[in-house]
1. Would you confirm, using the coordinates I've provided, whether residue 91 is open to solvent by 60 Å² or more (accessible area, probe 1.4 Å), out of contact with any Phe, Trp or Tyr (no Cβ under 7 Å at 6 or more places or on another chain) and among the charged types (D, E, K, R)?
2. Of everything in segment 94-105, what is open to solvent by 20 Å² or more (accessible area, probe 1.4 Å), under 19 Å from residue 57 (Cα atoms) and of a type in the set (Val, Ile, Thr)? Give them in sequence order.
3. Sort out which residues of segment 127-162 are hydrophobic (A, V, I, L, M, F, W, C) and either at positive phi or touching a Cys at 6+ places or on another chain (Cβ under 7 Å) (or both), and write them in order of number.
4. Among the residues of segment 135-158, how many are open to solvent by 40 Å² or more (accessible area, probe 1.4 Å), small (Gly, Ala, Ser) and under 15 Å from residue 66 (Cα atoms)?
5. Checking residue 52 against (1) within 19 Å of residue 162 (Cα to Cα); (2) open to solvent by less than 50 Å² (accessible area, probe 1.4 Å): exactly one of these is not met. Which one?
6. Working carefully through the options 147, 168, 104, 178, find the one that is of a type in the set (Gly, Ala, Ser) and touching a Lys or Arg at 6+ places or on another chain (Cβ under 9 Å).
7. Exactly one condition in (1) under 20 Å from residue 45 (Cα atoms); (2) open to solvent by 40 Å² or more (accessible area, probe 1.4 Å) is false for residue 116; which is it?
8. Of these, 146, 168, which one is among the aliphatic types (A, V, I, L, M) and closer than 12 Å to residue 54 by Cα?
Amino acid sequence: MAKHNGARQMGVPRPPRRNTTARPLRVRARHLPVVDETSAGGLVIKVKNGVPWVAVIARRNRAGYIEWCLPKGHLEAGESAELAAIREIAEETGITGRLVSPLASIDYWFSSGDRRVHKVVHHYLLEYVSGEVTVENDPDHEAEDAAWFPLSDVSRMLAYPNERRVVAIALDLLYPEAGA
């Protein structure tokens, strides 16, 4: 066995020395201001020949593609979520509905250029009262199309999983025996 005398042995490289003192990692984080937004909307149900139909809208996403979604929009100053849902649905679909029941509130985050947005959307179940489906009265011109789809098929049309869950809640509420 070779005796180690502190001299460096030839042919055996020494491992590199690591600086063991902890240094903070210097990362420049881009801190965006957080904005809270609240919207409301939901499902308007119209029963025709015993089949429930739902009014949905088509919007263009940020990538420029059309996606079908539930009508919804921002609350105006002093407006309740229930009244905003009725108003927004009427503006985006041309349909007037009567509030039947709350369904669900969806909470999510997204970034929009210079800010992070924390958004809460309150969804309600409404019964059709009057009107013809149209996007002509949408003041923001976000809705490019609106149409009635059978409630049983609408989940397959919707772009967002959270909205599909809202439809499932409506189905459970309207047809509790089907889920048992």
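1. On the way: open to solvent by 60 Å² or more (accessible area, probe 1.4 Å): no; out of contact with any Phe, Trp or Tyr (no Cβ under 7 Å at 6 or more places or on another chain): yes; among the charged types (D, E, K, R): yes.
The answer is no for residue 91.
2. 96
3. Filtering segment 127-162 for residues hydrophobic (A, V, I, L, M, F, W, C) gives 129, 133, 135, 143, 146-149, 151, 154, 157-159.
Across segment 127-162, the qualifying residues are 158, 159.
4. 0
5. Failing condition for residue 52: (1).
6. Working: 147 fails: touching a Lys or Arg at 6+ places or on another chain (Cβ under 9 Å); 168 fails: touching a Lys or Arg at 6+ places or on another chain (Cβ under 9 Å); 178 fails: touching a Lys or Arg at 6+ places or on another chain (Cβ under 9 Å).
104 is the lone residue from the list that is of a type in the set (Gly, Ala, Ser) and touching a Lys or Arg at 6+ places or on another chain (Cβ under 9 Å).
7. Residue 116 satisfies every listed condition except (1).
8. Working: 168 fails: closer than 12 Å to residue 54 by Cα.
Only one candidate passes the filter, namely 146.
The values are calculated or read from the model by the stated rules, or taken from the named source; none is laboratory data. Values in this document were obtained by computation on a predicted structure and should not be read as measured data. Glycine also receives a Cβ, built like all others from the backbone with ideal geometry; neighbour counts cover every protein chain displayed. Areas reflect the complete protein model, heavy atoms only, side chains present, ligands, DNA and RNA absent. Shrake-Rupley method; radii C 1.70, N 1.55, O 1.52, S 1.80 Å.
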